[in-house]
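Asks: I'd like to ask some things about the structure below.
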Amino acid sequence: MTKMGFAQAIVSAIEQAMAEDENVIIMGEDVHVLRIPKLLPKPNLFIRFGKERVKYTPISESGFVGAAVTAAMAGLRPIVEVLFADFLGVTMDAILNHAAKISFFSGNKWNVPLVIRTACGGGYGDAGQHEQSLWGWLAHIPGLSIVVPSNPADAGGLMLSSIYEDNPVIYFEHKMLADYWLDYMGSGGRTTVSFDVPEKGLEGEVPDKWESIPLGKLNKIKGGNDITLISVGVGVHRSIEAANILEEKGISAEVLDLRCVAPLDIEGLKKSVSKTEAVLIVDEDYKNFGLSGEICAILLEEGLSFKYGRVCTENTIPYSRELEDQALPNTKRIIDKAVNIVKK
Amino acid sequence: MVEAEVWQLYRDMLRSRLFEEAVTDLWEKGKISGELHLGTGEEAIIAGVVSQLEEGDAMAVDHRGTPPFIMRGIDPVLILLEFLGHSKGLCAGKGGHMHLFSKEHLAASSGIVGSSGPAATGFALALKYQKQKKIAVAFFGEGAMNQGMMLESMNLASVWNLPVLFVCKDNDWAVSTVTNNVTGGKLIDRAKGFGIEGYEVDGTDVEAVWKVVNEAISKLRNNDGPQFIHAHCVHMEGHFLGDPLLRYHRNPTMLVEAADSLKQYAGESLDEVFLLLRKIGGQLKKKFDPLVVTQKKLKDNAERLKQIEEEVTKEIEQVVYKTLEIFKGGVKDD
């Protein structure tokens, strides 16, 4: 085991896959220079693998993501970078009508082994055109896997499995966890600003050689009997923090890290919820028509009976840091809601 | 063009520059959050266009909205309060610098590259439909010329004969990518391909910009169809404040250390990265600064230059003072 940062783990897993399989290539805006501030002691992938395998693109998301779909169909395993999840809006046709549909339409005879890697999430004052999460919006579409890691070990393992998955994967990296994103977008080299960065997400133990973590397997972070807190990404860390405080209040909370929004680990969810019979979903994505409602519906369909609540982002994320902190799921909102549910 | 107009254009540019310098100071102090994309270096282009807009003309701006908003006469105190995330800001603290809106000025921003093309086209469609004889301007960088939506909107504006002024502010860089490396053909030929008349101009020369824009806007107001301006400039602060490439440029020991540690990876790709790091610094010369260029033109009247500088400095100091007072709750917003 070695210690690694979240962002470093992603790059390291990609590096391993690129060394193993020459069909793995990277495309995206600025991929040749991104991560230069953190380039020491290891070079970025552009320097390591060269411009034929790490291709910088014009600002043409609909074009290069669309091209990546058929490049994948023709035998490559492209990792396409879309700088912000918000910009997936620009490239939606390639994802919605092509990447997600080809396997089905071809009678499962032709796959699209494509990873779309994108930075998501808020907490640094960039407002709602650069801070959205959107995983629920994408998980709505059949044919896509949606990965949202919360710590370095998962980030690397899930990236490796995303690369070797034969169908399209959208891989979200939260800017509070990936240090170079926060450096670029949040601090810009300043020391006069601070952010609520979850330490255990930022850096942690990782294996010496990456091994795939299967998509759709949740991770139980903390055991508990009174309520199940379910989340992904940064929400997992906010949930753990809340669970520790709830413990002091005499409420024993189990914390589940979904790791993947699609496919969902239904068995893992059932196992926990049939024990606690109370559910709180913590989702940085939008509340309406999203992950939080979906999990509730699935558990009801499975015949479970439970108390339920959710803490989500309910509106467009405001620019003002103060308003933003209230808009995103925070520990206080989680604790208040959990107490409320358990006491119902 | 009479002399008085250059003086006015200079004043417009200086107001914008000093305002953005004040913004930079607050950003560095941590009072403004997130990314901050300045328009420093493109003031001559913005002044050359915005000074010729009439009441009722529309403006679609990109993520560098501060100069056009300031020059359009929108209250700088409201803009600065917005940057501070204050509820009395231009957009109630909800938008920030990338999402500035003023309904009464028909001025709308977006942080999505390329979106100002369709935005200006739609404004022009409505204005023309309402028989208002007004025009719409789209401000965007040359990076946006590789977005489908931009090219689609140029075609729309052409076939619908809409009064859109497409203003491409070309600084050679699409964020940290050299635009020439990812762009086929000439941009002005793209406009011509859609049947749109194009003008190429030195965007650091406000007089030159004013002249071509004056001709283009006359045609727009004469219902001669959309026009395209390709103006060249330099961003004095790179893509955004804290631009990682500029950090290397400003801290050469970082560059030396990086070069040293990466020797073992010597090759074409490494050379390209170091070329970029050198290139960005090479552009930040005073001769490309539109303020300096204009000051040179006006240097024969040093006294007047000094007077304008003093007046504008005082105005911006007052803007900052008033803004911070409102921010601290010291005075009521009037």
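The values are calculated or read from the model by the stated rules, or taken from the named source; none is laboratory data. Just so it is clear, the structure is predicted and the values come from calculations on it, not from any experiment. For neighbour counting, all protein chains shown are included, and Cβ atoms are generated from backbone atoms with ideal geometry for every residue, glycine included. The area values use the complete protein model at the heavy-atom level, side chains included, leaving out ligands, DNA and RNA. Shrake-Rupley method; radii C 1.70, N 1.55, O 1.52, S 1.80 Å.
Asks: Of all residues in the range A:163-180 being away from chain B (no Cβ under 14 Å), open to solvent by 10 Å² or more (accessible area, probe 1.4 Å) and acidic (Asp, Glu), which is nearest to B:Gly34 (Cα to Cα)?
Replies: A:Glu165
Asks: Among the residues of the range A:214-229, is any among the β-branched types (Val, Ile, Thr), in contact (Cβ under 8 Å) with a residue 40 or more places away in the chain, buried (at least 24 other Cβ atoms within 10 Å of the Cβ) and assigned by TED's automatic domain parsing to the domain that holds A:Glu322?
Replies: yes
Asks: If you don't mind, there's one more thing I want to ask. Tell me, which residue of the range A:181-196 that is open to solvent by 50 Å² or more (accessible area, probe 1.4 Å) and free of Cβ contacts under 8 Å to residues at least 60 places away in the same chain is nearest to the other protein chains (Cβ to nearest Cβ)?
Replies: Filtering first and then ranking leaves A:Thr192.
Asks: Considering only residues that are within 11 Å of B:Ile229 (Cβ to Cβ) and open to solvent by 50 Å² or more (accessible area, probe 1.4 Å), look in the range B:191-210 and name the one that is nearest to the other protein chains (Cβ to nearest Cβ).
Replies: Only one residue tops the list, namely B:Glu200.
Asks: Output the residue which, of all residues in the range B:149-190 that are aromatic (Phe, Trp, Tyr) and within 22 Å of B:Cys233 (Cα to Cα), is nearest to the other protein chains (Cβ to nearest Cβ). I'd like the intermediate steps shown before the answer.
Replies: Just the residues of the range B:149-190 that are aromatic (Phe, Trp, Tyr), to begin with: B:160, B:166, B:173.
Adding the requirement that they be within 22 Å of B:Cys233 (Cα to Cα) leaves B:166, B:173.
Values: B:Phe166: 16, B:Trp173: 10 Å.
Within the range B:149-190, the match that is nearest to the other protein chains (Cβ to nearest Cβ) is B:Trp173.
Asks: Okay, moving on. Just give me the residues in the range B:144-160 being open to solvent by 10 Å² or more (accessible area, probe 1.4 Å) and under 19 Å from the mean Cα position of the chain (by Cα), in sequence order.
Replies: Answer for the range B:144-160, where residues must be open to solvent by 10 Å² or more (accessible area, probe 1.4 Å) and under 19 Å from the mean Cα position of the chain (by Cα): just B:Asn146.
Asks: Is there a residue in the range A:33-42 that is in the same structural domain as A:Ile170 (by TED's automatic domain parsing), at pLDDT 95 or above and open to solvent by less than 10 Å² (accessible area, probe 1.4 Å)?
Replies: no
Asks: Continuing with this model, one more query. Quick check on A:Ala74: is it more than 14 Å from chain B (Cβ to nearest Cβ), open to solvent by less than 10 Å² (accessible area, probe 1.4 Å) and modelled with pLDDT of 95 or more?
Replies: Judged against the criteria, A:Ala74 is not a match.
For every residue, the table says whether it meets (1) over 27 Å from B:Gly95 (Cβ atoms); (2) in the same structural domain as A:Leu144 (by TED's automatic domain parsing); (3) open to solvent by 30 Å² or more (accessible area, probe 1.4 Å).
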residue: A:Val255; (1), (2), (3): yes, no, no
residue: A:Glu267; (1), (2), (3): yes, no, yes
residue: A:Lys271; (1), (2), (3): yes, no, yes
residue: A:Ala278; (1), (2), (3): yes, no, no
residue: A:Tyr286; (1), (2), (3): no, no, yes
residue: A:Glu294; (1), (2), (3): yes, no, yes
residue: A:Lys307; (1), (2), (3): yes, no, yes
residue: A:Glu314; (1), (2), (3): no, no, yes
residue: A:Tyr319; (1), (2), (3): no, no, no
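Asks: Kindly indicate whether A:Glu302 is open to solvent by 70 Å² or more (accessible area, probe 1.4 Å) and farther than 30 Å from B:His86 by Cα.
Replies: yes
Yes/no matrix, rows are residues, columns are (1) within 12 Å of chain B (Cβ to nearest Cβ); (2) touching a Lys or Arg at 6+ places or on another chain (Cβ under 7 Å); (3) free of Cβ contacts under 8 Å to residues at least 24 places away in the same chain:
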| site | (1), (2), (3) |
| --- | --- |
| A:Asp21 | no, yes, no |
| A:Val33 | yes, no, yes |
| A:Phe49 | yes, no, no |
| A:Lys55 | yes, no, no |
| A:Asp93 | yes, no, no |
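Asks: Those residues that are of a type outside the set (Val, Ile, Thr) and either open to solvent by less than 30 Å² (accessible area, probe 1.4 Å) or within 17 Å of the chain's Cα centre (by Cα) (or both), I need them from the range A:200-211; list them, please.
Replies: A:Lys200, A:Gly201, A:Leu202, A:Glu203, A:Gly204, A:Trp210, listed by residue number.
Asks: Given (1) in contact (Cβ under 8 Å) with a residue 60 or more places away in the chain; (2) away from every other protein chain (no Cβ under 14 Å); (3) open to solvent by 20 Å² or more (accessible area, probe 1.4 Å), identify the lone condition not met by B:Ala58.
Replies: B:Ala58 satisfies every listed condition except (3).
Asks: Can you list the strands (runs of 3 or more DSSP E) found entirely within the range A:72-157 that contain at least 1 residues being of a type in the set (Asp, Glu)?
Replies: A:77-84
Asks: Based on this model, can you work out whether A:Leu158 counts as open to solvent by less than 10 Å² (accessible area, probe 1.4 Å), outside the structural domain of A:Thr316 (by TED's automatic domain parsing), over 30 Å from B:Lys94 (Cβ atoms) and hydrophobic (A, V, I, L, M, F, W, C)?
Replies: yes
Asks: Still on this model: Only residues in the range A:290-314 that are at negative phi and hydroxyl-bearing (Ser, Thr, Tyr) count as the first member; pair them with residues that are open to solvent by 10 Å² or more (accessible area, probe 1.4 Å) and part of a helix (DSSP H, G or I), Cβ under 7 angstrom, at least 6 apart or cross-chain, and list the lot.
Replies: Every condition considered, the pairs that remain are A:Tyr308/A:Cys296; A:Thr313/A:Ala327.
Asks: When residues of the range B:79-88 are filtered for being away from chain A (no Cβ under 11 Å) and either buried (at least 20 other Cβ atoms within 10 Å of the Cβ) or modelled with pLDDT under 95 (or both), how many remain?
Replies: Of the residues in that region, 2 qualify.
Asks: Another question about this same structure. With B:Glu207, B:Glu197 as the choices, which residue is in contact with a Leu (Cβ under 9 Å, 6 or more places away or on another chain) and of a type in the set (Asp, Glu)?
Replies: On the way: B:Glu197 fails: in contact with a Leu (Cβ under 9 Å, 6 or more places away or on another chain).
Answer to the check: B:Glu207.
Asks: Please verify whether the range B:9-31 includes one or more residues that are open to solvent by 10 Å² or more (accessible area, probe 1.4 Å), more than 16 Å from B:Val292 (Cβ to Cβ), away from every other protein chain (no Cβ under 14 Å) and part of a loop (DSSP other than H, G, I, E, B).
Replies: Taking every residue of the range B:9-31 in turn, none turns out to be open to solvent by 10 Å² or more (accessible area, probe 1.4 Å), more than 16 Å from B:Val292 (Cβ to Cβ), away from every other protein chain (no Cβ under 14 Å) and part of a loop (DSSP other than H, G, I, E, B).
Asks: Continuing with the same structure: Would you be able to tell me the number of residues in the range B:89-122 that are more than 9 Å from chain A (Cβ to nearest Cβ), open to solvent by 50 Å² or more (accessible area, probe 1.4 Å) and more than 21 Å from B:Glu20 (Cβ to Cβ)?
Replies: Adding up the residues that qualify gives 4.
Yes or no, residue by residue, for (1) touching a helix residue (DSSP H, G or I) at 6+ places or on another chain (Cβ under 8 Å); (2) within 14 Å of chain A (Cβ to nearest Cβ):
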{"position": "B:His235", "(1), (2)": "no, no"}
{"position": "B:Thr253", "(1), (2)": "no, yes"}
{"position": "B:Leu275", "(1), (2)": "no, yes"}
{"position": "B:Pro290", "(1), (2)": "yes, no"}
{"position": "B:Thr313", "(1), (2)": "yes, no"}
